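The values are calculated or read from the model by the stated rules, or taken from the named source; none is laboratory data. These figures come from a predicted structure and were not determined experimentally. Note: ideal-geometry Cβ built from the backbone for every residue, glycine included; neighbour counts use all protein chains shown. Heavy atoms of the whole protein, side chains included, go into the accessibility calculation; ligands, DNA and RNA do not. Shrake-Rupley method; radii C 1.70, N 1.55, O 1.52, S 1.80 Å.
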Amino acid sequence: MREYGSAEIRNVAVLGHGASGKTSLVDALAFASGSSKRHGSVKEGTALTDYAPEEIERKYSINLGCAVAEWMDTKINLIDTPGYLDFQGDAIAGLTAADGALCVVSGVAGVEVGTERMFREAVTRKDPVLFVVSMLDKEHASFDRVLQQIRQRLTPNVIPVEIPIGEGSSFRGIINLFSKRAHLYKKGTKTGEYEETDVPADQKERFDGYYQQLIETIAATDDTLLERYLEGNEIGREDAIAAMKAGMKGGDLFPLFCCSAELSYGVRAVLSKLVELMPSAYEMEELHALKGAEGDHTVEIHARDDAPFTGLVFKTQSEPHVGDVSFFRIFSGSVANGADVFNATRNVAEKLGHLSIAQGRDRIEVPRLRAGDIGCVAKLKNTHTNDTLSTREHPVRLPQITVPEPLVVFAIHASARGDEEKVQAGLHRLHDEDPTFEVHYNPETHETLVSGLGERHLEIMLSKMKRKYGVQAELTRPRVAYRETITAKAEGQGRHKKQTGGRGQFGDCWVRFLPAPRGSGYHFEDKIVGGSIPSKFIPAVDKGIQEAAVRGVLAGYPMVDFKVELFDGSYHSVDSNEMSFKMAGILAFKTVAAKCRTVLLEPLDEIEVTTPDDYLGDVMGDLSSRRGHILGTESAGDGRGSRVRAVVPQSELHLYATDLHSRTHGRATFTRRFRGYEQMPAEAAERVIAASSSTKKEELAEV
Ligand SMILES: Nc1nc2c(ncn2[C@@H]2O[C@H](COP(=O)(O)OP(=O)(O)O)[C@@H](O)[C@H]2O)c(=O)[nH]1
Ligand SMILES: [Mg+2]
């Protein structure tokens, strides 16, 4: 493959809902261009970009995958992305690496949740979007219905440039409105051979209607074109393309095309339109990168070969027999095979051995890659997703991919005793590969927690861990980190006395406990006057109280938000020591805390749900039944329904992502953030206390 410069490169993310035909289309595009030698199939597990064992087994995309189509002297880098919400991190990474999006909509299922979500993501990033209605050969396909849905749910500015002739089993051709020519496909040719004709007579009326819309839309984008149109002149092809490209760039126009990836109908036209309408890598907006490893000023990054090399690693994938493969987008400069580069994110040097481009699972080694291109290398030492590669002389850090926040949390346990360390190591490597997968240890509940975008996401991570690191783990509902606090003030004594021959032990203290504001933790105040406890023993009392407070008095949870005043006590000149006063502190805690009307605190999250209005009542009712407190409701804007903010106990939010998804058919989204602790209502608290005393009994029975 020859070298391509940034003006000859198009980087396109292929987006849409799961099973809308993205992977099949990428395969068909690469095949039709001649860059891929075989027409693969998702069903048979041979699609170009679905090659991970997890993908072949499940028959849907989990990882983004890269393919190349050389067409019209241009290199189109296609980034196939997963459609399901659980793997949205990779779809966003794909968009970050690309300069435009090809949004695939199934001709049968139409606009779905994933279509809507990723279309909006692309528009928010100001990426031009080109629509393609796929699967038009499938039974129940309907071009007009899908077009209506796109208009209503995504954008009124969608404009068909092609229309199909026939649908479902009678889908046999595509009319290009602009060239006014029809392609009638020959059945059974793998490469989509066609005969070019005039618009068939029976299609004339439909053609006229759509043609009028197209011309008017294009004319409206530009005053001189509009004038020419109103004077009754034709708008030439070049002008129309330029106008469309400008309209796409401004987010005012979204052209739409038709295809069947399975039959290779319409695929070559999509290739040509990607070349003509998508911005080249050279046209990318400059990026502002941070200079140096700690740098506080920024440098502008342009897709020029003569600038220093900078690239962003947007995906790390571990592959059998190869190890970790890093995919990177070059934002400036060029890079040669074997080059020494510098990872300023982690301050390490790296060598780009076997510099390659990816054609699905195959790697094509190249001597050099130029600005704007996408490449991959294997076996970098310490480079992970979201790191910037640059040079020792000009170290920079590029803006990172903003990964979606995790939505589901589980506790994870090694299935076999003794595998704990292997599990820990595996989890951390999986996080380096996929930043939407997070790992934390919760010291209060003594559990390792994993979080991700959905149950399916975590389940896939477990099977990856098993395949790659040979270790199995299980997920359980995480324990809730309850806490205890006091609501009344009280005082009392802690007295420790032991006389067992020889030297005895003696410590005696009087303390007062006072409730303190939420979040203030623990405070100790020494109010001893007249030396009733020598000052060298006072820290020991404090220590004893703190030690006892780790397991509160109600249900064994840590006690927080209280103030302790040590105001009196006594000592023995021979028998008193630090140990004795620590014991006195422990005893004082038990006596006094029990008198302070202890209550349970529970952790709460603030969540924000965005839902179509049809489901608003249902969503709010459900939040209330989870003991949620609604903070407010407002319009989400852009016809996206409403946004509800609520504070909900964490204990009620386990699997909320899954529940919300099924309640709203995937149309609602939410974010969650830890909010703080609050007192638990008595009834709910009693259940927790009862559960804790029954586990205590079990523990005792085991002993
Ligand atoms: N009949 C027909 N089936 C298709 C077409 N494109 C994809 N499919 C099938 O639809 C299913 C989902 O396709 P896939 O490419 O995996 O969709 P993705 O999840 O968007 O990547 C697979 O079983 C494909 O074989 C098409 O153009 N026509
Ligand atoms: Mg796919």
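Between the DSSP loop rule and a limit of at most 11 other Cβ atoms within 10 Å, which chymotrypsin sites (Phe, Trp or Tyr not before Pro) in segment 1-69 are left?
Numbers: sites: Tyr4, Phe31, Tyr51, Tyr60; in loops: Tyr4, Tyr51, Tyr60.
Of the chymotrypsin sites (Phe, Trp or Tyr not before Pro), not one in the loops of segment 1-69 has a Cβ with at most 11 other Cβ atoms within 10 Å.
For segment 1-78, what is the Kirkwood estimate of the hydrodynamic radius, computed as the reciprocal of the mean inverse distance between distinct Cα atoms, to one decimal in Å? Numbers along the way, then the final one.
Working: mean 1/r = 0.0771 Å⁻¹.
Evaluated over segment 1-78, this radius sits at 13.0 Å.
Reported to two decimal places, what Rg/Rh ratio describes segment 178-286 when computed on Cα atoms with Rh from the Kirkwood expression?
Numbers: Rg = 16.0 Å, Rh = 15.8 Å.
Here Rg/Rh amounts to 1.01.
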For segment 395-478, with +1 on Lys and Arg beta carbons and -1 on Asp and Glu, the positive-most of Gly418, Val471, Pro404 along the dipole
Val471
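Which net charge results for the neighbourhood of Pro612, defined as the other residues with beta-carbon distances under 14 angstrom from its beta-carbon, given Lys and Arg at +1 and Asp and Glu at -1?
On the way: positive: Arg117, Arg120, Arg153, Arg640, Arg643, Arg663, Arg667; negative: Glu112, Glu116, Asp613, Asp614, Asp618, Asp638.
Within the 14 Å Cβ shell, the charges total +1.
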With the dipole of segment 194-269 worked out from charges on the C-beta (+1 for Lys and Arg, -1 for Asp and Glu) around the Cα centre, which of Leu226, Phe207, Leu253 lies farthest toward the positive end?
Leu253
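How much area per residue is accessible in the chain when the probe is 1.4 Å and only protein heavy atoms are counted (Å²)?
Numbers: 31060 Å² over 703 residues.
Value for the chain: 44 Å² per residue.
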Out of Leu25, Ala289, Asn347 - ranked by how far each Cα lies towards the positive end of the dipole of the chain, with unit charges on the beta-carbon of charged residues - the top one is Asn347
J(HN,Hα) series, segment 675-691, from Karplus relation 6.51 cos²θ - 1.76 cosθ + 1.60, nearest Hz, glycine and proline x
10, x, 9, 9, 5, 8, x, 3, 5, 5, 5, 4, 4, 5, 5, 4, 5
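For segment 609-697, with only Lys/Arg (+1) and Asp/Glu (-1) charged at the beta-carbon, what is the dipole magnitude about the Cα centre, in debye rounded to 20? It would help to have the intermediate numbers written out before the result.
Working: 13 positive and 11 negative charges, 87 e Å.
Computed about the Cα centre, the dipole is about 420 debye.
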Taking the Cα centre of segment 199-238 as the origin, how large is its charge dipole in debye, to the nearest 20, when only Lys and Arg (+1) and Asp and Glu (-1) carry charge on their Cβ atoms?
180 debye
Radius of gyration, Dmax [segment 554-610; alpha carbons; angstrom]
18.0, 69
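Kindly provide the helix-only [θ] at 222 nm of the chain, computed as the sum of -39,500 (n - 2.57) over DSSP H runs of four or more divided by all residues, to the nearest 500 deg cm²/dmol?
Working: 16 runs with 192 residues, N = 703.
Theoretical 222 nm ellipticity from helices: -8500 deg cm²/dmol.
At a 1.4 Å probe, what is the % contribution of carbon and sulfur to the accessible area of the chain?
Numbers: 15320 of 31060 Å².
Here it works out to 49 percent.
Output the pairs from Lys37/Lys315; Lys43/Lys180; Lys291/Lys464 with a Cα-Cα distance over 32 Å in this structure; if there are none, say none.
Numbers: Lys37/Lys315 25 Å; Lys43/Lys180 36 Å; Lys291/Lys464 36 Å.
Table pairs above 32 Å Cα-Cα are Lys43/Lys180; Lys291/Lys464.
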Viscosity 0.692 mPa s, temperature 37 °C: what is the translational diffusion coefficient of segment 328-435 from Stokes-Einstein with a Kirkwood Rh over Cα pairs, rounded to a whole number of µm²/s?
204 µm²/s
Kindly provide the GluC sites (Glu not before Pro) of segment 371-469 that DSSP labels as loop, not H, G, I, E or B, and whose Cβ sees at most 13 other Cβ atoms within 10 Å.
Glu393
Quick note, segment 22-156: a/c under 1.5 would make it rounded; otherwise a/b > b/c is prolate and the rest oblate (a ≥ b ≥ c, C-alpha gyration tensor); here it is rounded
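Return the subset of Lys497/Lys543; Lys59/Lys138; Lys489/Lys543 for which the Cα-Cα distance in this structure is over 24 Å, preserving the input order. Before the final figure, lay out each step's value.
Details: Lys497/Lys543 18 Å; Lys59/Lys138 18 Å; Lys489/Lys543 20 Å.
Long pairs (Cα-Cα over 24 Å): none in the table.
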Under Karplus coefficients 6.51, -1.76 and 1.60, residue-wise ³J(HN,Hα) of segment 251-256 in Hz, glycine/proline x:
x, 9, 8, 10, x, 10
In Hz, Karplus ³J(HN,Hα) per residue of segment 355-368 (6.51, -1.76, 1.60; θ = phi - 60°; x = Gly, Pro):
4, 9, 10, 9, 10, x, 7, 7, 10, 10, 5, 10, x, 7
Given charges at beta-carbon only (K, R positive; D, E negative), |dipole| of the chain in Debye
2220 debye
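For the peptides 184-190, 603-609, 680-686, what is the packing order when you average, over each peptide's residues, the other Cβ atoms within 10 Å and list the highest mean first? Walk me through the numbers on the way to the answer.
Values: 184-190: 12.0, 603-609: 20.3, 680-686: 14.1.
For the peptides 184-190, 603-609, 680-686, the packing ranking is 603-609, 680-686, 184-190.
Report the local net charge at Thr633: Lys and Arg +1, Asp and Glu -1, summed over other residues whose C-beta lies under 15 Å from its C-beta. Let's see the in-between values first.
Details: positive: Arg640, Arg643, Arg645; negative: Glu606, Glu608, Asp613, Asp614, Asp618, Asp622, Glu634.
Neighbourhood net charge equals -4.
Which net charge results when you count Lys and Arg as +1 and Asp and Glu as -1 among the other residues whose beta-carbon is under 11 Å from that of Leu256? Write down the numbers at each step before the final one.
On the way: positive: Arg151, Lys273; negative: Glu162.
Charge balance in the 11 Å sphere: +1.
For the chain, calculate the relative contact order in percent as a whole number, restricting contacts to Cα pairs under 8 Å that are 6 or more residues apart. The partial results should precede the final answer.
Values: 1636 pairs, mean separation 68.5, N = 703.
Across the chain, relative contact order equals 10 percent.
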Could you state the orientation-averaged shadow area of the convex hull built on the Cα atoms of segment 80-130, in nm² to one decimal?
3.3 nm²
In whole µm²/s, the translational diffusion coefficient that Stokes-Einstein assigns to the chain, given a Kirkwood hydrodynamic radius over C-alpha pairs, 10 °C and 1.306 mPa s, equals 54 µm²/s
